Amino acid sequence: MVEANPHEVKEWLDRDQAILIDVREHQELVQFSIPGAIHNPMSTFDFDAVPSDTDKKLVFVCAHGIRSRQVGQYLLQENRVSAAYNLTGGVAAWSQAGLPRQR
């Protein structure tokens, strides 16, 4: 599992080099979400919704980077993905960095 800071992830998204998967629960999205993120909550995680035939970086995100790291590590251990990235600090760090948000 590779840690990536918010500015790195934003750059990858801008260059269409990454897919962002938000594992927060539905009620957490009330705050805000990151534009373009795919919502796949950890409690009902759909493994089939994770692209397996892409050359883009799969970046997982949650509120603070803990659950997203767990999901990414699990996917790696189960050989469901060959590489996974965690947005360090989650949406909290994204917001603190002043990056785009949507409601």
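See the values below:
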| read-out | value |
| --- | --- |
| Search result, residues across the stretch 81-94 that are surrounded by 16 or more Cβ atoms within 10 Å (Cβ to Cβ) and either small (G, A, S) or in contact with a Ser or Thr (Cβ under 8 Å, 6 or more places away or on another chain) (or both) | V81, A84, N86, L87, G89, G90, V91, A93 |
| Selection within the stretch 52-80 - closer than 10 Å to I21 by Cα and either outside any helix (DSSP H, G or I) or open to solvent by 40 Å² or more (accessible area, probe 1.4 Å) (or both) | L58, V59, F60, V61, C62 |
| Among residues of the stretch 23-34, those that are open to solvent by less than 50 Å² (accessible area, probe 1.4 Å) and touching a residue at least 60 places away in the same chain (Cβ under 8 Å), counted | 4 |
| Number of the condition not met by E8 [criteria: (1) of a type in the set (D, E); (2) in contact (Cβ under 8 Å) with a residue 12 or more places away in the chain; (3) in a helix (DSSP H, G or I)] | (2) |
| Residue identified as assigned to a loop (DSSP other than H, G, I, E, B), touching a residue at least 24 places away in the same chain (Cβ under 8 Å) and hydrophobic (A, V, I, L, M, F, W, C) among A93, A83 | A83 |
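The values are calculated or read from the model by the stated rules, or taken from the named source; none is laboratory data. Everything quoted here is computed from the prediction, not taken from an experiment. Cβ: placed from backbone, ideal geometry, glycine included. Neighbour counts: every protein chain shown. What goes into the accessible areas is simple: the full protein's heavy atoms, side chains included, and nothing from ligands, DNA or RNA. Shrake-Rupley method; radii C 1.70, N 1.55, O 1.52, S 1.80 Å.
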